[in-house]
1. Within the bounds of segment 79-97, is there any residue that is within 24 Å of residue 159 (Cα to Cα) and among the β-branched types (Val, Ile, Thr)?
2. Do we find a residue being at pLDDT below 75, within 17 Å of residue 177 (Cβ to Cβ) and charged (D, E, K, R) anywhere in segment 134-155?
3. Among the numbered conditions (1) in contact with a Lys or Arg (Cβ under 9 Å, 6 or more places away or on another chain); (2) at pLDDT 85 or above; (3) closer than 22 Å to residue 106 by Cα; (4) surrounded by fewer than 19 Cβ atoms within 10 Å (Cβ to Cβ), tell me where residue 29 comes up short.
4. Mind checking which residues of segment 72-109 are more than 26 Å from residue 52 (Cα to Cα), assigned to a loop (DSSP other than H, G, I, E, B) and of a type outside the set (Asp, Glu)?
5. Among residues belonging to segment 71-100 that are touching a strand residue (DSSP E or B) at 6+ places or on another chain (Cβ under 6 Å) and of a type in the set (A, V, I, L, M, F, W, C), point out the one that is nearest to residue 43 (Cα to Cα).
6. Scan segment 189-209 residue by residue and report those that are modelled with pLDDT of 90 or more and aliphatic (A, V, I, L, M).
7. Does segment 51-68 hold any residues that are among the β-branched types (Val, Ile, Thr) and either at pLDDT 90 or above or within 16 Å of the chain's Cα centre (by Cα) (or both), and which are they?
Amino acid sequence: MHCNTPFLPLEPTTEYQKNYINIVSARPRVGPITADLFSARWLTHLCKIQPRFICRPEEKEIFKNLSMYFSGNVGTYDLDKSIYLYGPPGTGKTLVFRSLQNTLASFKTPLRIVNVPSLVAQMMADNHVNLPSVVAKTDFVLDDAGAEGFMKVFGTDVNLVADLVMLAYEKIPQKMHITTNLTPDEMSHHRGFSSRQKSRMNEMYNIVRLCGADHRIK
């Protein structure tokens, strides 16, 4: 296993890491989730998905802050806001949320992931847009937002991400996280957000940049 320990409180040896993960992850949840417990479980799920994943030094603080946030502990990120995770292709944005999805499930907290390009393709094939159907009863992630093609239904342009941002802001209590290759400004420009939609997005999100080289390049 090549996966290292990006956000555990110590820098353990391989043997210590193994024991720490096995012991802490096996503990039943009693009361609030501690950041240490959450990060240990997150590490196990991340390594199951991508055993060769290595967290680079510049990413450690991000993983630590995300661990605090998703375990419900006050930290750098505002707990009342969602996460807007952006960065170049291959930096691990989808991997972060796939592993978080599995980790949260182990605490009986569901998280739904919706791939935006696939959703747009399906809606265009059906020639029908049903925004409420996208919104889960739980927190959810719009994955790869901004990579979708432009959408027309009955000849009318549909700005799916912008419309969902407004729906999330005005009508739903769940958090709607976003992963994208685009900065917030690029997203607003690329998807034609109105000034009101852009303002709402700035209010709703912790902006998190995941940097570094492409993890998929060996």
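1. Yes, segment 79-97 contains at least one residue that is within 24 Å of residue 159 (Cα to Cα) and among the β-branched types (Val, Ile, Thr).
2. The initial filter retains those residues of segment 134-155 that are at pLDDT below 75, namely 134-136, 148-155.
From the residues that got through so far, the ones that are within 17 Å of residue 177 (Cβ to Cβ) too are 134-136, 148.
Okay, now just the ones that are also charged (D, E, K, R), so 148.
Looking through segment 134-155, at least one residue is at pLDDT below 75, within 17 Å of residue 177 (Cβ to Cβ) and charged (D, E, K, R).
3. (2)
4. Going residue by residue through segment 72-109, those that are more than 26 Å from residue 52 (Cα to Cα) are 72-82, 108-109.
Pick out the ones that are also assigned to a loop (DSSP other than H, G, I, E, B) and you get 72-81, 108-109.
Selection gives 72, 73, 74, 75, 76, 77, 79, 81, 108, 109.
5. Selected residue: 97.
6. Taking segment 189-209 and keeping what is modelled with pLDDT of 90 or more, we get 203-209.
Of everything in segment 189-209, those that are modelled with pLDDT of 90 or more and aliphatic (A, V, I, L, M) turn out to be 204, 207, 208.
7. In the first step, residues of segment 51-68 are kept if they are among the β-branched types (Val, Ile, Thr); the result is 54, 62.
If the condition is that a residue be among the β-branched types (Val, Ile, Thr) and either at pLDDT 90 or above or within 16 Å of the chain's Cα centre (by Cα) (or both), then 62 is the only one that fits.
The values are calculated or read from the model by the stated rules, or taken from the named source; none is laboratory data. This is a predicted model, so every value here is computed, not measured. We place every Cβ from the backbone using ideal geometry, glycine too, and count neighbours over all the protein chains shown.
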